[in-house]
Amino acid sequence: MALTATEIGSIVQELAPALTEGWIQKITQPLPDVVVFEVRVPGHTRRLLCSAHDETARLHLVHRSLPNPPTPPSFCQLLRARIQGARIDGIRHLAGDRIVRVDLMSRDGPVSLIAELFGKHADLLFLDAEERVLATIRHNKDRIGQTYCAPSPAPSRSLSQGIDKAPPTPPSDAEPFPLSAKLETLYREREAELSHLTQVRERESVLRKSLKKHLRRMAALRRDLDQAAKYEPYARYGELLKANLGSLKKGLTTVTVVDYYDDTLPELTIPLDPTKAPQANMDTYFAKYRKFVSAQREISPRVVAIETEVQQLQAELDAIKNGTWQPPTFDGHSAPCSTTRTDRRRAAVEERRGPFRRFVSSDGLQIFVGRNARENDELTFGLAKSEDLWLHAHAVPGSHVVVRLEKGTDPPPETLRDAATLALLYSDLKKSGKGEVIYTRRKWVRKAKGQAPGAVTVTQEKALYVTLDKRRLDAMKERSHV
């Protein structure tokens, strides 16, 4: 299903005039080997799709967008950090080959994207001004840092139902990009299938990890219950010792008493700790019985709740196995819906904890901002987890800002800039409208000894220079929780 060099040349002729001098305003990676660039040109917003998939390698404009994962892949994060906002200076096809070059002017200077549309060996490369390969969508480590050299041309078979096989359609008011439209129609079903399969695999991996974690937690809780169950008769032991305290003395290892709690009044031998006084032995039995009562009250409901969640997780895995699972939809502004009671309960608790300012980043991540010194202290050392991102305006008084992150994930570049903008806004740098913001993981933030609440010491920090962006702030405030 690979496109020929001639077909690629025809597509570039169609889309180059429509995109040159446009600005890349958004980048998404809906599939591991597919990137979509949203390009703004006067009066229009165009979507340029580039696929490096073995079966669907191509480059063309699209009307429909594909669902995106809640966390962008690392290649997408890099492109957002380096070329979001860049101007397209030119798009050219390397004659006789299946390679397309997109030259860009970013805030750091000229850079390029190279789309090698070789089917099985397709790739998308990001080059710096010196033509060095900075990253590839295929994560080809052998090419990173090397000066780009185009591979030798290889013969290709035209699409069996591709644009060479179909009669040419001239541009019209209704469809100004007929070649792109044909390719989008041709690949739509296959792309949707690949997108669905990718989401199924990712969701199945998440479900299996979560199920394993829940089962491990449930087993631990049941062990605690079994241990506490041994203490159930200890209330009776304590009461019988209490009734016979006058006849007991320190040093005894056992005592035999009449069990008044049994209608047959049998004799009952109770073990004693010879190093403890009779009163202490009695108190020990009562204390262990309280552990049993506490376990029944606190642990049993947790076991029931986890059992319910395990059933939900297993039901979703069964749906995947049976082919009836459907992925949730994401709108780019909200996080995916929680699928377990624990997730919903945790979100509700976070909503109740503290009157912090709350925002949602452009990537759907939660951002918390302290309102005063007390809240700063509570936010950083109460609500925030060790892997969360922590930000503060550099060297001036201001609010603590925390971005909620999943363990093992990095903050998307746009989320980092959103949070840094808030740290600047709620600091003494607000009047100047620009300044440096430091950020690090919460685990590298410590309370300053002997200082007022909110005073901290920070290590492993990095710095980001930001300016107040009204559009960014307005967008965040629209998504604000409070």
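Order of 257-269, 121-133 by packing, highest average Cβ count within 10 Å first?
Those peptides, ordered most packed to least, come out 121-133, 257-269.
For K209, which aspartates and glutamates qualify as cross-link partners when the Cα separation must be under 20 Å and same-chain residues fewer than eight apart are set aside?
Hits, sequence-local ones excluded: E307, E309, E316, D318, D343, E387, E406, D410.
If the reach is capped at under 12 angstrom between alpha carbons, list the aspartates and glutamates near K447, excluding any in the same chain fewer than eight residues apart.
The reachable aspartates and glutamates, counting only those whose Cα sits under 12 Å from K447, are D377, E378.
Determine, for M218, M105, the number of other Cβ atoms within 10 Å of each Cβ, and report the residues in order from fewest to most.
Numbers: M218 18, M105 14.
Ascending number of Cβ neighbours within 10 Å: M105, M218.
Any idea what angle helix 234-243 forms with the longest principal axis of the chain, computed on alpha-carbon atoms, 0 to 90 degrees, nearest 10?
It is inclined by approximately 20 degrees.
From a point 7 Å beyond the Cα of K250 in the direction of its Cβ, which residues of the stretch 264-279 have a backbone N at a distance under 19 Å?
272-279
Which of the aspartates and glutamates could a cross-linker span from K431 if the Cα-Cα distance has to be under 14 Å and same-chain partners fewer than 8 positions apart are dropped?
D469
Under the 0.36 nm per residue contour assumption, what length would be gained going from the current alpha-carbon distance of V258 and H63 to full extension?
Residue separation times 0.36 nm, minus the Cα-Cα distance, leaves 61.6 nm.
Report, in listed order, any pair from K230/K276; K213/K407; K26/K430; K182/K321; K250/K288; K26/K477 with a Cα-Cα distance greater than 23 Å.
Pairs exceeding 23 Å: K26/K430; K182/K321.
With each pseudo-label sitting 7 Å past Cα toward Cβ, what's the V304-W23 distance in nm, one decimal?
Placing both labels 7 Å beyond Cα along the Cβ direction yields 5.8 nm.
Output the 0 to 90 degree angle, nearest 10, between the alpha-carbon long axis of helix 413-425 and the longest principal axis computed from the alpha carbons of the chain.
70
Order by neighbour count: T253, T467, fewest other Cβ atoms within 10 Å first, most last.
T253, T467
So between D224 and K141, what do we pick up on full extension, going 0.36 nm a residue minus the alpha carbon distance?
Separation in residues times 0.36 nm, less the Cα-Cα distance, equals 25.0 nm.
At a 10 Å Cβ-Cβ cut-off, how would you order F359, F118, fewest neighbours first?
Placing the least packed residue first, the sequence is F118, F359.
Determine, for each peptide in 80-93, 425-438, the mean count of other beta carbons within 10 angstrom over its residues, then list the peptides with the highest first. Before the final figure, lay out each step's value.
Working: 80-93: 18.4, 425-438: 16.6.
Highest mean packing first, the order is 80-93, 425-438.
What do you get for the angle between helix 278-322 and the principal long axis of the chain? Use alpha-carbon atoms, 0 to 90 degrees, nearest ten.
30
Excluding P271 itself, calculate the net charge of residues whose Cβ lies under 14 Å from the Cβ of P271, where each Lys or Arg counts +1 and each Asp or Glu counts -1.
Surrounding charge for P271 is +3.
Subtracting the Cα-Cα distance from 0.36 nm times the residue separation, let me have the gained length for C149 to Q13 in nm, one decimal.
Working: separation 136, 0.36 × 136 = 48.96 nm, distance 2.34 nm.
Roughly 46.6 nm would be gained on extension.
Every number here is computed from the coordinates shown, using simple stated rules; none is lab data. Note that the structure is predicted; figures quoted are calculated from it, not measured. Note that each Cβ is placed from the backbone with ideal geometry, even for glycine, and that neighbours are counted across all protein chains shown.
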